[in-house]
Every structure is written in structure tokens, then in C-alpha cells.
1. Between Ser56 and Gln133, what is the label-to-label distance in nm when each label sits 7 Å out along the Cα-to-Cβ direction?
2. Tell me, rounded to the nearest percent, the portion of alpha carbon pairs in segment 33-97 spaced more than 13 Å apart.
3. Holding the Cα-Cα limit at 18 Å, pick out from Lys77/Lys140; Lys32/Lys135; Lys77/Lys157 the pairs that are longer than that.
4. Below 18 Å, Cα to Cα, which aspartates and glutamates can Lys102 reach? Residues fewer than 8 away in the same chain don't count.
5. Suppose R0 equals 30 Å; then what is the FRET efficiency for Thr72 and Ala113 from their Cβ-Cβ distance, rounded to the nearest 0.05?
6. Which aspartates and glutamates does Lys68 reach when only Cα atoms under 14 Å apart count, and residues fewer than 8 places away in its own chain are ignored?
7. What percentage of all Cα-Cα pairs in segment 13-163 are separated by more than 27 Å?
8. Can you pull the percent of segment 79-135's accessible area that's carbon plus sulfur, 1.4 Å probe, other chains left in place?
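The values are calculated or read from the model by the stated rules, or taken from the named source; none is laboratory data. On a predicted model such as this, the values are computed, not experimentally measured, just so you know. Every residue, glycine among them, receives a Cβ derived from its backbone with ideal geometry; neighbour counts consider all protein chains shown. For the accessible areas, the whole protein counts, side chains as well, though only heavy atoms, and no ligand, DNA or RNA atoms are used. Shrake-Rupley method; radii C 1.70, N 1.55, O 1.52, S 1.80 Å.
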Amino acid sequence: MKKLIPALVAALLLANAAAADVPPPPPPKGKKYVSVTNEVVLGKDVTGHVFVQQVSSGFGAPQFAHEKLELTAGQAKAVDAGGQRSFVSLFAVPQDVAKGFKTDAELFEALKANKVKGAHRLNFASTATVSNQVKGKSVKWTHTVAAIDAKTGMKVKVEGEGYEEPKTNPKKEGSAVPFKGVAAGLAVTAGVLLGGFWLAGRARRKVQSCAAG
């Protein structure tokens, strides 16, 4: 645990540097930062759930915004763009559970507190590292929810330019993750987040500059 603290501090320092407009650390060799636009599609056999988009913003105690999304099998639905200090998730709530809440506001509060039984969550990245072979500074990824299992959650297939399947941990499930792996994961996560913050901030500054001109 003592060794983990410096890595956590480093990640926080990188995130704070983003607010100070410091360029992000370089991405891995052969990679680059891009912004990601996400959309979600339901498989034809996915039924019986209510879908809620959650957008959290800010550091420390984040602010939350919720919205029910009407998803139709086979039809792509864009989710919030996310961005600087903004993170987007999609909750799948069993219909019977959702009916137990008198209002949407009550459901949203329960989701905020992670107190909705049977709810499953899908997170979206607004920034990613992709191969240098990908042209442009932005990509679009489509998340197809193929199935929702009560125990294992949402089975999702992601497709889009530059997307790569996450590398799986070869160690047996339930085994401890070595500190080096944790530190590396924190470094990569912080780098991607910082890259996203910087990209978003730079785009915002360009808009402000144009407006001033």
C-alpha cells in the first residue's frame, strides 16, 4: 500500500497539470491521442431494461446529470460527448426494478449512490490512444450491447477506427495484481486523461480566440 501512494499522487499531479494547461506526456511509441465520439446500439435480443445516461463532471465531489435514453434495436444512438473533467456512463436497469421508483428523479439519485439492484454500467472514453496510422484527430466508436446477463453484466462489442481490444491479464482470475502492473495502469490512465483534458482545453481556447478576433 505504501508503494501505491506515490503512484496515486503522480496520477493526481498529472491531472492537476491539465488544469494548468500543461501539454500531456507523450503517448506510447507508435500511438497518438485522439478524441472519441461514442454511440450505442442494442442487439435484437436485448429487452427488458431501462437505459440511463449519466454524466459526471468535476474533481473531488463530482456533479451528476442523468437522462433516460430510448434505445431501439439496430439503431445507433449517440451518447454525450464527454470531455474535460466530464465522464459518461450508460446504466442498464431491469424494468421491474425501475418500476419500483415513483419518479425518474428517485431512480437517478439511487444510481448516483450505486444503490439500484441489478443495474449494470458501461463507461465511455472521450479520449484514447490509437495507432499513428489512424488519420485525423478524432474517431467514432460504436458499442453494440449484444446481451445483458444478471451476473456478468453487459456483453458489448466495440467497433471503430483505431479501437483495440484491451489486453487481458494472463493471471488467474482473483489473483493479486502486481504493484508494477497497478503503477503502469495508473500512468497510462493518467496520461490518457491528461491528453484528453489538454485536447479539450486547446479546442476551447481556439474557439475563444476566434470569438475574440
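1. Taking the simple label geometry, Ser56 and Gln133 are separated by 3.6 nm.
2. So the pairs more than 13 Å apart make up 67 percent of the total in segment 33-97.
3. none
4. Straight-line reach from Lys102, under 18 Å: Glu67.
5. Once rounded, the FRET efficiency stands at 0.55.
6. Asp80, Asp104, Glu106, Glu109
7. 30
8. That fraction is 46 percent.
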